Every structure is written in C-alpha cells, then in structure tokens.
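K.L.:
Below is a structure I'd like to ask you about.
The values are calculated or read from the model by the stated rules, or taken from the named source; none is laboratory data. Just so we're clear, the structure is a prediction, and the values are computed from it rather than from any experiment. Backbone-built Cβ (ideal geometry, glycine too); neighbour counts: all protein chains shown. Quick note on the areas: whole protein, heavy atoms, side chains included, nothing else; ligands and nucleic acids left out. Shrake-Rupley method; radii C 1.70, N 1.55, O 1.52, S 1.80 Å.
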Amino acid sequence: QIKKGNFVIHLTQLFLSRPLDTQSETMSDSEQYAMENVDAGASETIPMEAGQIKKGGYIMIKGKPCKVLNISVSKTGKHGHAKCNFTATDIFTGKKLEDMVPSTHGTTVPIVKRSEWEIIDIGEEGELTLMDEGGNQKTDVNLPSYPETMAQEIRDAWNDGENQVSVTVQAAVGIEQVVAFKKENNAA
C-alpha cells in the first residue's frame, strides 16, 4: 500500500534524477531562438506603470516618443484611481503633446539610445556619411529638420570638411535623427 504523499515525493525524485534527453535540449534551443526573435522586434518600447514615470523620463504619447516636461497627479476620485497628466515634447519634432493615464495603469516607454559620430561627408541633399570611434560608417541619417536652423549650422561648422564636427544621433522606435553637434578643436 502506497500513501498519496509518498507517491508524489517518489515521482518527484524520479523526474529529478532522470537525465534530460537530447530531444528536450534541442527543443529548448529552438525556444530560445524564438524568444530572441520576439525580443528583437519588441525592444523599441517597454511597458511601465504610469505612476513610475518621472519628469525628464520618456513616454509614448499617440505613438510618438516623448520626453516628459511635467507631470501633475490628480487625487483619487469616486472610482479610486489617481490620474497622471503628462506634458511632454516629441523628441524628434519638438511638438508638445499631452496625455492623461490612471497612475496604476500601464503605458509604454520608448527605449532611447544616443551615439556619437564624426561627419565624414555631407551630400547636397543633406545626407550624412558618419563614422564612429570603431571605424564603422553610417549613411542612413540626414541633416536634421528640427530645429530648423541646426542643419545650416552643421554645414557652416563643417565648412566642406575643413573642420572636424561630431554629431549626436538619437534613436527610438526605429527613427534616427541628429539632435546635437559639436565642432572639434583641431590641433594644427
């Protein structure tokens, strides 16, 4: 006669002591591959509770990546949710956007990356040829359209290759844009 409790323990020990067969290892490898695939496509934004977003942080509003300028939190009403009122600017256009989200509800936050590049060439249409410290080239970025004067300021600073100019490229949700530039002091 086997008691129920002993039977469960005996089965657990049996499963723990069995070596994994090669088929299950292959399966986990393919699952890992599938997860990497999913992660690569979904890594442009991450979920976050609205109450966790701080001033100066980022938030997606109407599908646009935005930098938070101000947050005002309203008191809990008769339905029990405090609401966060976000005032933010689109990080690529500078346009001001607003959104109101209950503080306990989820929203999305863009993953924003910034990288430094040196200008190698500026084409007639404003297309840039850039190089990073590792010698990697980038040719899929144009002179910025926002702010309006920055494109001409970069051209003037670069002066047809007479000066060394580095730019900061900001990337989020599949968009890359030059957001800052710096004229390097060339030691002659």
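K.L.:
Give the shape of segment 33-156 as rounded, prolate or oblate, defined through the alpha-carbon gyration tensor: a ≥ b ≥ c are the square roots of its eigenvalues, a/c under 1.5 means rounded, and otherwise the shape is prolate if a/b is larger than b/c and oblate if not.
P.N.:
The shape class here is oblate.
K.L.:
What is the calculated FRET efficiency for LYS54 to THR104, with r their C-beta to C-beta distance and R₀ = 22 Å, to the nearest 0.05? Intermediate results must be reported in sequence, preceding the final value.
P.N.:
Working: r = 16 Å, r/R0 = 0.73.
After rounding to 0.05, the efficiency reads 0.85.
K.L.:
Shifting gears a bit: Could you give each residue of segment 118-126 its phi-based ³J(HN,Hα) in whole Hz, using Karplus coefficients 6.51, -1.76, 1.60 with θ = phi - 60°, and x for Gly or Pro?
P.N.:
9, 6, 9, 7, 10, x, 4, 8, x
K.L.:
Right, next: Need the full-extension length gain, SER43 to SER115, defined as separation in residues times 0.36 nm minus the C-alpha distance. One decimal, nm.
P.N.:
Between SER43 and SER115, full extension yields 24.2 nm more.
K.L.:
Taking amide H positions as placed 1.01 Å from N in the peptide plane, with prolines and chain starts having none, which residues 5 or more places from LEU97, or on another chain, fall under 5 Å of its amide H?
P.N.:
The answer is ALA88, THR89, ASP90.
K.L.:
How many Å² of accessible area per residue for segment 120-179, probe 1.4 Å?
P.N.:
57 Å²
K.L.:
Considering only Cα-Cα distances, which of the following residue pairs are longer than 20 Å: LYS54/LYS75; LYS55/LYS78; LYS62/LYS96?
P.N.:
Violating the 20 Å limit, Cα to Cα: LYS55/LYS78.
K.L.:
Right, next: Across segment 154-162, in residue order, what do the Karplus-derived ³J(HN,Hα) couplings come to in whole Hz, using 6.51 cos²θ - 1.76 cosθ + 1.60 with θ = phi - 60° and x for Gly and Pro?
P.N.:
Computed from phi, the couplings for segment 154-162 are 5, 4, 5, 5, 6, 6, 6, x, 5 Hz.
K.L.:
I need the calculated FRET efficiency for the pair LYS95 and GLN164, taking r as the beta carbon distance and R₀ as 45 Å, to the nearest 0.05.
P.N.:
Result of the calculation: an efficiency of 0.90.
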